[in-house]
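J.: Attaching a single structure in structure tokens format; questions to follow.
The values are calculated or read from the model by the stated rules, or taken from the named source; none is laboratory data. These figures come from a predicted structure and were not determined experimentally. As a convention, Cβ positions derive from the backbone with ideal geometry for all residues, glycine included, and neighbour counts pool all protein chains shown.
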Amino acid sequence: MAARKLVLLLVATLTIMAGIIIAPSLPAIETRFADNEHIALLSRMVLTLPSLFVALSAPLAGMLADRFGRKGLLVMAIALYGLAGASGLVADSLTALLIGRAVLGVAIGAIITLNTALIGDYFTGAEREKYLGLQQAFVQLGGVVFVMSGGLLAEMHWRMPFIIYGAALILIPAVILCLTEPQRPRSLHPTTSFTDAPVNRLVVATVCLLAFLVNVSFYTVPSQLQFHMQALNIYNASSFGMVLAAFNLAGGIVALCFGLLKRRLNTTLIFLLGFSLMASGFGLLCVASAFEGLALANAILGAGLGVVMPNIMSTAITHSAPALRGRIAGLVATSIFIGQFISPFVSQYWIAAAGYAGMFRNVGLIMATLAVLSLLTAMRNGKMSLLGQKT
């Protein structure tokens, strides 16, 4: 059991590796391919293009997982992840670099969907809540290592962080040896549809919307903060890595407490806490002009995300019938990564209109609005959660 948990935790870190490892390299990538038209947007797309292909591939991965099983698909997805991720080491054009990132997105879509489905298969009740908090903590604390490593390697050369993706291949033997194929309920055929098994569509839709909005907002940090720091004349790859490390460290520590929060607070109040922290972090980010202020703002943001994301995933899994778990996990993954893909388009528009500080202010207002809606829902429903679930 312990080995299985550890392998699932390590697999989960692959999703955060996908973006933050190369985030410190973006300014150098923009300089290297400066002769390309619209390079300001395209350089951000190196970070976020995988998100589009996650959104496209995750629903298909969910259907395949429900029909054919999880383990074999997960092994293939990890292999594809390692090879596609490391392709940046040899890509000789921006087009080739973007193609490799697109294939990486297909692999991530399968990994996040299969990992979420396996969590629902292996764990139930309080054990699941505790594990989800542990996973978010593991992902964000792992992010500290990855972003610091990416920053140090980017100081050597912008291609060097791509080496880290190849480490994913080491996980393949561990997945084969430590994970088992879950038994699916015999009463539900693999082709079960949303109309054949019990599912609360309002819950699924609400969770997907929240996942989308949170990731549109949060992804402005790894995709734009380094350029904001350049505008403030305080940027280098290592310092940016340390700022993102503060984000992940705080988020990881807070996520460790998710199981305790879930026992003491209902779903609505957990969302209220998380959205309030994220709104405060973005508010500070729009006025901070020194390294220390940016690091503190990111720590507050990370703490908020460390509360919100486990709550989203917990709600999605709790309301998933076993035969539909892969597909619902795919829908949530699609919402997360569509948000990440759209984020630079939204943020670039706001930057052009109001500058970096104005963009972070607007994102903070989105989080503040979600916090107010959570508060109003809590006041209206008393001890009922945001999604109508008693806790």
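J.: On the given criteria, is Gly293 over 20 Å from Ile16 (Cβ atoms) and surrounded by fewer than 18 Cβ atoms within 10 Å (Cβ to Cβ)? Write out each step before concluding.
T.: Numbers: over 20 Å from Ile16 (Cβ atoms): yes; surrounded by fewer than 18 Cβ atoms within 10 Å (Cβ to Cβ): yes.
So Gly293 passes the test.
J.: Between a first residue in the stretch 79-101 that is touching a residue at least 12 places away in the same chain (Cβ under 8 Å) and a second residue that is assigned to a loop (DSSP other than H, G, I, E, B) and surrounded by fewer than 19 Cβ atoms within 10 Å (Cβ to Cβ), which pairs have beta carbons less than 7 Å apart while being 6 or more apart in sequence or on different chains?
T.: Between residues of the stretch 79-101 that are touching a residue at least 12 places away in the same chain (Cβ under 8 Å) and residues that are assigned to a loop (DSSP other than H, G, I, E, B) and surrounded by fewer than 19 Cβ atoms within 10 Å (Cβ to Cβ), the close pairs are Leu94/Phe33; Leu94/Asn36; Leu97/Ala91; Gly100/Ala91.
J.: With the requirement that a residue be aliphatic (A, V, I, L, M), modelled with pLDDT of 80 or more and out of contact with any Pro (no Cβ under 9 Å at 6 or more places or on another chain), what does the stretch 11-25 give you?
T.: Across the stretch 11-25, the qualifying residues are Val11, Ala12, Leu14.
J.: Related question: Pick out the one residue from Phe162, Phe194 that is touching a Lys or Arg at 6+ places or on another chain (Cβ under 8 Å), of a type outside the set (A, V, I, L, M) and either under 28 Å from Lys71 (Cβ atoms) or at pLDDT 90 or above (or both). First the steps, then the outcome.
T.: Working: Phe162 fails: touching a Lys or Arg at 6+ places or on another chain (Cβ under 8 Å).
Of the residues listed, the single one that is touching a Lys or Arg at 6+ places or on another chain (Cβ under 8 Å), of a type outside the set (A, V, I, L, M) and either under 28 Å from Lys71 (Cβ atoms) or at pLDDT 90 or above (or both) is Phe194.
J.: Of everything in the stretch 7-48, what is hydrophobic (A, V, I, L, M, F, W, C) and free of Cβ contacts under 8 Å to residues at least 60 places away in the same chain? Give them in sequence order.
T.: Of all residues in the stretch 7-48, those hydrophobic (A, V, I, L, M, F, W, C) come to 7-12, 14, 16-18, 20-23, 26, 28-29, 33-34, 39-42, 45-47.
Selection gives Ala34, Ile39, Leu42, Val46.
J.: Another one. I'd like to verify a number: residues in the stretch 231-255 that are closer than 26 Å to Ala352 by Cα and under 21 Å from the mean Cα position of the chain (by Cα), how many? Write out each step before concluding.
T.: Of the residues in the stretch 231-255, the ones closer than 26 Å to Ala352 by Cα are 231-237, 239-241, 243-244, 247.
Going one step further and asking which of them are under 21 Å from the mean Cα position of the chain (by Cα), we end up with 240-241, 243-244, 247.
Here the count works out to 5.
J.: Checking Leu202 against (1) surrounded by fewer than 15 Cβ atoms within 10 Å (Cβ to Cβ); (2) modelled with pLDDT of 85 or more: exactly one of these is not met. Which one?
T.: (2)
J.: Then there is this: Given the conditions (1) surrounded by fewer than 24 Cβ atoms within 10 Å (Cβ to Cβ); (2) free of Cβ contacts under 8 Å to residues at least 60 places away in the same chain, report the number of the one that Gly274 does not fulfil.
T.: All conditions are met except number (1).
J.: Suppose we keep only residues that are surrounded by fewer than 22 Cβ atoms within 10 Å (Cβ to Cβ) and of a type in the set (Lys, Arg) within the stretch 97-144. Which one would you say is farthest from Gly304 (Cα to Cα)?
T.: So the residue we want is Arg128.
J.: A further question follows. For the stretch 147-173, what are the residues that are in a helix (DSSP H, G or I) and under 18 Å from Asn236 (Cβ atoms)?
T.: Scanning the stretch 147-173 gives Val147, Met148, Ser149, Gly150, Gly151, Leu152, Leu153, Ala154, Glu155, Met156, Met160, Pro161.
J.: Go through (1) over 21 Å from Pro222 (Cα atoms); (2) at pLDDT 85 or above for Lys130 and report which single condition fails.
T.: Answer for Lys130: the failing condition is (2).
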